[in-house]
Amino acid sequence: MALTEPEAGSDLQAVQMRARLDPDSGRWHLSGVKQFITNGCARILLVLARSEQGSNDGRGLSLFVCESGPGLTVQRIEDKLGIHGSPTCELHFDEVPAELVGARRRGLTRYVMSLMNGARVAVAAQAVGIAEAALRAAVAYGAARRQFGQAVDRFPAVYEMLTRSKARIVAARALLYETTRWVDLKDGYDDLAGQQGGRLTGETRNEAKRAARIAAVLTPLCKAYSTEIANQVAYDSLQVHGGSGYMKEYDVERYVRDARVTNIYEGTTQLQHVAAMGGLIQRVLDPLMEQMSTLPFEGRLARLRAEVDEARQHLGRAVRFVVEAKDPECHDLAARRLCEAEAEVFTAYLLLRDALADPRRQALAEHHVAEAVPAARAGCDAVLRADRTLIDRREEILGL
Ligand SMILES: Cc1cc2nc3c(=O)[nH]c(=O)nc-3n(C[C@H](O)[C@H](O)[C@H](O)COP(=O)(O)OP(=O)(O)OC[C@H]3O[C@@H](n4cnc5c(N)ncnc54)[C@H](O)[C@@H]3O)c2cc1C
């Protein structure tokens, strides 16, 4: 999927690759440069290009499919930090014949957005997998390595890194599965609508809309949460290895490098936060959280549920505060903290729900709540503090 260009990364509306329709043959031809293209040396490429000359936004872009051949040059293969299993290419197009995919002008707004949403869930899964591999390596190393007469995983500082990583992975995986569930529902309703001539009616229509809204918030939230967690877990897993972790001889240094791209490609974490904010502010996930909150928890789980409920109310206050401030810069500045808090609270409910179904998961849920609730509260406190230092005095801070 060739989208990125030197001047169009996060901002894909700026894509300049030219698509020219030859009036005689009726064929399209692509000219321009694409960069950072995974498997760009493959035989078939999907390319986002500007089909409407004179346009300068996403509505002038269409999606094309083309084959490698004359006019298409792999100019370079990047020398990069990680994921060395796949080549990342700079591609030069010079009048490369191509076929239009689907409807003209819908390249970015319909097809690429849809492909990217699918890819974002896949990258979240990739991140959970890397994190799991890193943790397994750290657990094995921590049990085998002895210092001061005992295995290093007996030291609180070490087992705290391992257990925190475990809880984070389980939370990310729970969020990933919940996301895939809603994405599958949305896709199912889309298929149904297709079979019924594009129209759903009554309750089915409402359910389809609900699934689409939930999938649209969960996808970026899950991508941001899982990929940031994969980086933290890989980092801590290397730390558990001590100096050995820094050596190529051990797999863990590769996990650190491979995790690093997951929160960059298919949209950076910052862009995921931008994408999640609309639905977050509309509290799209609140009914799901309310539903989980009313499960028949008892004893210790009921007390934990009350803590999570309280954190959710605090999050609601922080969101209302940002909405009422009506200040776009404050809104953007609060995005990271609100998205992180939303993910912490949502995953806390998921893990309590899972602990209710399987008591063996209770300790893990307790540990996650003990980490997630204070983290969410601290983020919301920072938002509610309404400190304008970063807006008014960031140059002073950076200039020191
Ligand atoms: C290994 C690898 C493989 C890749 N494979 C592909 C591929 O197959 N196909 C493809 O098309 N692309 C691919 N990419 C490109 C990738 O999708 C982009 O690098 C990514 O989307 C970020 O764009 P950029 O590098 O131009 O960064 P920029 O957009 O320049 O971002 C720089 C910084 O600014 C931040 N930023 C930018 N805009 C905003 C905003 N509105 N709000 C807040 N923060 C913002 C970003 O989060 C980032 O921190 C690949 C990249 C890598 C590293």
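The values are calculated or read from the model by the stated rules, or taken from the named source; none is laboratory data. A quick note: this is a predicted structure, and the numbers were derived from the prediction, not measured. Here the Cβ positions follow ideal geometry from the backbone for every residue, glycine too, while neighbour counts run over all protein chains shown. Please note that ligands, DNA and RNA were not included when accessible areas were found on the heavy atoms of the full protein model with its side chains. Shrake-Rupley method; radii C 1.70, N 1.55, O 1.52, S 1.80 Å.
Could you please find all residues in the range 248-282 being without any contact (Cβ under 8 Å) to a residue 40 or more places away in the chain and touching a helix residue (DSSP H, G or I) at 6+ places or on another chain (Cβ under 7 Å)?
Selection gives E253 alone.
Yes or no: the range 169-185 includes at least one residue that is polar (S, T, N, Q), surrounded by 23 or more Cβ atoms within 10 Å (Cβ to Cβ) and farther than 24 Å from D286 by Cβ.
Checked the range 169-185: no residue is polar (S, T, N, Q), surrounded by 23 or more Cβ atoms within 10 Å (Cβ to Cβ) and farther than 24 Å from D286 by Cβ.
Is it fair to say R213 is within 16 Å of the ligand (Cβ to nearest atom) and either open to solvent by 60 Å² or more (accessible area, probe 1.4 Å) or without any contact (Cβ under 8 Å) to a residue 40 or more places away in the chain (or both)?
no
Counting residues that are open to solvent by 70 Å² or more (accessible area, probe 1.4 Å), more than 30 Å from A2 (Cβ to Cβ) and assigned by TED's automatic domain parsing to the domain that holds H368, which helices (runs of 4 or more DSSP H) fully inside the range 265-332 reach at least 2?
Working: elements: 269-281, 286-293, 299-325.
Per the criteria, 286-293, 299-325.
Of the conditions (1) open to solvent by 20 Å² or more (accessible area, probe 1.4 Å); (2) out of contact with any helix residue (DSSP H, G or I) (no Cβ under 7 Å at 6 or more places or on another chain); (3) of a type outside the set (S, T, Y); (4) under 19 Å from S10 (Cα atoms), G60 satisfies every one except a single condition; which number is it?
The single condition G60 does not satisfy is (1).
Could you please tell me which pairs satisfy a Cβ distance under 6 Å, a separation of 6+ or placement on different chains, a first residue in the range 23-46 that is touching a residue at least 12 places away in the same chain (Cβ under 8 Å) and within 9 Å of the ligand (Cβ to nearest atom), and a second residue that is of a type in the set (D, E, K, R) and open to solvent by less than 60 Å² (accessible area, probe 1.4 Å)?
Once the first residue is touching a residue at least 12 places away in the same chain (Cβ under 8 Å) and within 9 Å of the ligand (Cβ to nearest atom) and sits in the range 23-46, its partners that are of a type in the set (D, E, K, R) and open to solvent by less than 60 Å² (accessible area, probe 1.4 Å) give K34/E5; Q35/E90.
Being part of a helix (DSSP H, G or I), open to solvent by 80 Å² or more (accessible area, probe 1.4 Å) and out of contact with any strand residue (DSSP E or B) (no Cβ under 9 Å at 6 or more places or on another chain) narrows it down to one residue among R377, R353, R360; which is it?
Only one candidate qualifies: R360.
So E90 fits all but one of (1) among the charged types (D, E, K, R); (2) within 26 Å of the chain's Cα centre (by Cα); (3) open to solvent by 70 Å² or more (accessible area, probe 1.4 Å); what number is the exception?
Against the list (1) among the charged types (D, E, K, R); (2) within 26 Å of the chain's Cα centre (by Cα); (3) open to solvent by 70 Å² or more (accessible area, probe 1.4 Å), E90 comes up short only on (3).
Does at least one position in the range 310-317 carry a residue that is among the basic types (K, R), touching a residue at least 24 places away in the same chain (Cβ under 8 Å) and out of contact with any Leu (no Cβ under 9 Å at 6 or more places or on another chain)?
Yes - at least one qualifying residue is present in the range 310-317.
Any residue in the range 217-231 that is in a helix (DSSP H, G or I) and open to solvent by 60 Å² or more (accessible area, probe 1.4 Å)?
No; the residues of the range 217-231 include none that is in a helix (DSSP H, G or I) and open to solvent by 60 Å² or more (accessible area, probe 1.4 Å).
Residue check, L81 against (1) touching a strand residue (DSSP E or B) at 6+ places or on another chain (Cβ under 7 Å); (2) within 13 Å of the ligand (Cβ to nearest atom); (3) open to solvent by 30 Å² or more (accessible area, probe 1.4 Å), all met but one. Which one?
Failing condition for L81: (1).
Take G32 and decide whether it is surrounded by 19 or more Cβ atoms within 10 Å (Cβ to Cβ) and either at pLDDT 95 or above or closer than 18 Å to M113 by Cα (or both).
Details: surrounded by 19 or more Cβ atoms within 10 Å (Cβ to Cβ): yes; either at pLDDT 95 or above or closer than 18 Å to M113 by Cα (or both): yes.
Yes: the conditions hold for G32.
Out of curiosity, is L108 within 24 Å of the chain's Cα centre (by Cα) and open to solvent by less than 50 Å² (accessible area, probe 1.4 Å)?
Yes.
Count, please, the residues in the range 186-204 that happen to be open to solvent by less than 70 Å² (accessible area, probe 1.4 Å), more than 19 Å from R110 (Cα to Cα) and either modelled with pLDDT under 95 or not in a helix (DSSP H, G or I) (or both).
Total satisfying the criteria: 2.
Considering only residues that are within 15 Å of the ligand (Cβ to nearest atom) and in contact with a Phe, Trp or Tyr (Cβ under 8 Å, 6 or more places away or on another chain), which ones fall in the range 90-100?
E90
How many residues are open to solvent by less than 50 Å² (accessible area, probe 1.4 Å), more than 13 Å from the ligand (Cβ to nearest atom) and free of Cβ contacts under 8 Å to residues at least 40 places away in the same chain when one looks only at the range 1-22?
Here the count works out to 1.
Do you know which residues across the range 210-224 are of a type outside the set (A, V, I, L, M) and closer than 16 Å to D184 by Cβ?
R210, R213, T219, C222
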